[in-house]
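J.: Starting off with a structure, shown below.
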Amino acid sequence: MHTHTTFQAATASKRLVNYLIDNVFIVVILLALFRIIPFYREGTQFVVTLLVYFGYYFLFEYFCEKTLGKFITKTRVVTYENKKPSIDHFLLRTLVRFVPFEAFSFIAKRPVGFHDVWASTRVVSDQEISNQKLPE
């Protein structure tokens, strides 16, 4: 008989650290990229910034279920059913990050952002799932 385990959501402080680390890393990538490749056409830097931001979150989370910040805080993304999210989950999570004021969605009792809710995902501690394999 299969028992359904509910994992504890990552704390607000871990979510904040994830956000800060990820965004600092994105800025470092962009600064290095803009220094190496001069983008002179108007609007090009904006487009490159959007692509780097999207690529960072989507690729890291799709391939690893975590970003650099989540590696450091030992957290990962799972579905509400504690399963490995699908490509659709990760695509939606990443797109919702572009919603204006999305970062302010964390100002509540629970550290849950629009990108978590709208994509039916959550961030949990690796420690809780280290002895269990996430169902596909």
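The values are calculated or read from the model by the stated rules, or taken from the named source; none is laboratory data. Given the structure is predicted, the values throughout are model-derived calculations rather than measurements. Neighbour counts are summed over all protein chains in view; Cβ atoms, including those assigned to glycine, are modelled from backbone coordinates with ideal geometry. Each accessible area value is taken on the protein alone, full model and side chains, heavy atoms only, with ligands, DNA and RNA left out. Shrake-Rupley method; radii C 1.70, N 1.55, O 1.52, S 1.80 Å.
J.: Considering the stretch 1-24 alone, what residues qualify as being surrounded by 13 or more Cβ atoms within 10 Å (Cβ to Cβ), of a type outside the set (A, V, I, L, M, F, W, C) and modelled with pLDDT under 90? Write out each step before concluding.
T.: So in the stretch 1-24, the residues surrounded by 13 or more Cβ atoms within 10 Å (Cβ to Cβ) come out as 7, 9-12, 14-19, 21-23.
Now drop any that are not of a type outside the set (A, V, I, L, M, F, W, C), which leaves 11, 14-15, 18-19, 22-23.
Across the stretch 1-24, the qualifying residue is only Thr11.
J.: Pairs, please: C-beta under 6 Å, at least 6 apart or cross-chain, first residue in contact (Cβ under 8 Å) with a residue 60 or more places away in the chain and in the stretch 12-31, second in a helix (DSSP H, G or I)?
T.: Qualifying pairs under 6 Å: Lys14/Thr73; Asn18/Gly69; Asn18/Lys70; Asn18/Thr73.
J.: Right, next: Mind listing whichever residues of the stretch 25-59 are over 18 Å from Arg93 (Cβ atoms), assigned to a helix (DSSP H, G or I) and open to solvent by 90 Å² or more (accessible area, probe 1.4 Å)? Spell out the reasoning first.
T.: Of the residues in the stretch 25-59, the ones over 18 Å from Arg93 (Cβ atoms) are 27-49.
Imposing the further condition that a residue be assigned to a helix (DSSP H, G or I) reduces the set to 27-36, 44-49.
Scanning the stretch 25-59 gives Leu31, Arg35, Ile36, Phe46.
J.: Quick one: how many residues across the stretch 69-91 are farther than 19 Å from Tyr19 by Cβ and either touching a Lys or Arg at 6+ places or on another chain (Cβ under 7 Å) or among the hydrophobic types (A, V, I, L, M, F, W, C) (or both)?
T.: Matching residues across the stretch 69-91 total 3.
J.: Here's another thing I want to ask about it. Select the helices (runs of 4 or more DSSP H) contained entirely in the stretch 64-136, then report the ones holding at least 1 residues which are at pLDDT below 95, in contact with a strand residue (DSSP E or B) (Cβ under 8 Å, 6 or more places away or on another chain) and open to solvent by 20 Å² or more (accessible area, probe 1.4 Å). Can you show your working first?
T.: Working: elements: 68-73, 87-96, 114-118, 126-129.
Here the list reads 126-129.
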